[in-house]
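Presented below is the structure to which this report refers.
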Amino acid sequence: MKQEKIQKHPNGFTFIELIIAIIIVGILGSMAFTRILNNLNPIKVRAAIEQITSDIEQTKALSMAQHDYITIAFNIANDSYSIYNGPTGNQTIMTNYPGSNNGVISFDQTEYSGVDISSASFGSNSTNLSFDPWGNTILGGTITLNTNNVITVQTVTGHWAITTQ
């Protein structure tokens, strides 16, 4: 009687091969995650610029629609700004302003973490950007984010421009 040799053919991966594959995928995933995190800050700054410039346009339109003074008051210490209506000395916060938390737009929220309002200057030592009832900017000036992104607002027209230093 002849004996036949039976050869075994493995039908899968060994445990060691699976562990090595998992380690390689983990290393590649952590490298990709780190790269993504490093590229988020410019995106957050751009989103903050978009938020501020759209609020400038909206407050300008509100001042004309309500035929009232509307002011954006920047708070550098808290990286936030508030929207007020009424003339200087008789202002009330607009608690129902869209996208705000009781009239305050804060960059301390997670979607804007890492964005810093470095400065805001309108006229002589003022951090307030005001529009008159006709939509004119009372005093132009600048808003600086993260020390190198500057939004310049023109006097009277309220037109703004963005520069990166």
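Can you give the extra length, in nm with one decimal, that the chain gains between Thr88 and Gln165 once fully stretched, where that is 0.36 nm per residue apart less the Cα-Cα distance? All intermediate terms of the calculation are to be shown ahead of the outcome.
Values: separation 77, 0.36 × 77 = 27.72 nm, distance 3.30 nm.
Separation in residues times 0.36 nm, less the Cα-Cα distance, equals 24.4 nm.
R0 = 30 Å: FRET efficiency of Glu50 with Ile27, Cβ-based, nearest 0.05? Write out the running numbers ahead of the final one.
Details: r = 36 Å, r/R0 = 1.19.
FRET efficiency, Glu50 to Ile27: 0.25.
Taking each pair of distinct Cα atoms in region 1-159 once, what is the resulting Kirkwood hydrodynamic radius in Å? Show your work: numbers first, answer last.
Numbers: mean 1/r = 0.0525 Å⁻¹.
Final number for the Kirkwood radius of region 1-159 is 19.0 Å.
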### Summary
In a Gaussian network model of the chain with springs linking alpha carbons closer than 10 Å, the residue among Ser118, Ser30, Ser54 that fluctuates most is Ser30
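Just how large is the dipole of region 41-164 about the Cα centre, in debye to the nearest 20, putting +1 at every Lys and Arg Cβ and -1 at every Asp and Glu Cβ? It would help to have the intermediate numbers written out before the result.
On the way: 3 positive and 9 negative charges, 27 e Å.
Result for region 41-164 is approximately 120 debye, rounded to the nearest 20.
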### Query
How large is ³J(HN,Hα) for each residue in region 14-24, as worked out from phi by the Karplus curve 6.51 cos²θ - 1.76 cosθ + 1.60 (θ = phi - 60°), to whole Hz, x for Gly and Pro?
7, 4, 4, 5, 5, 4, 4, 5, 5, 5, 5
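Every read-out reported here was derived from the displayed coordinates using simple, explicitly stated rules and does not represent laboratory data. Being a predicted model, the structure only gives us computed values, none of them experimental. Please note: Cβ atoms are built from the backbone with ideal geometry, for glycine as well, and neighbour counts cover all protein chains shown.
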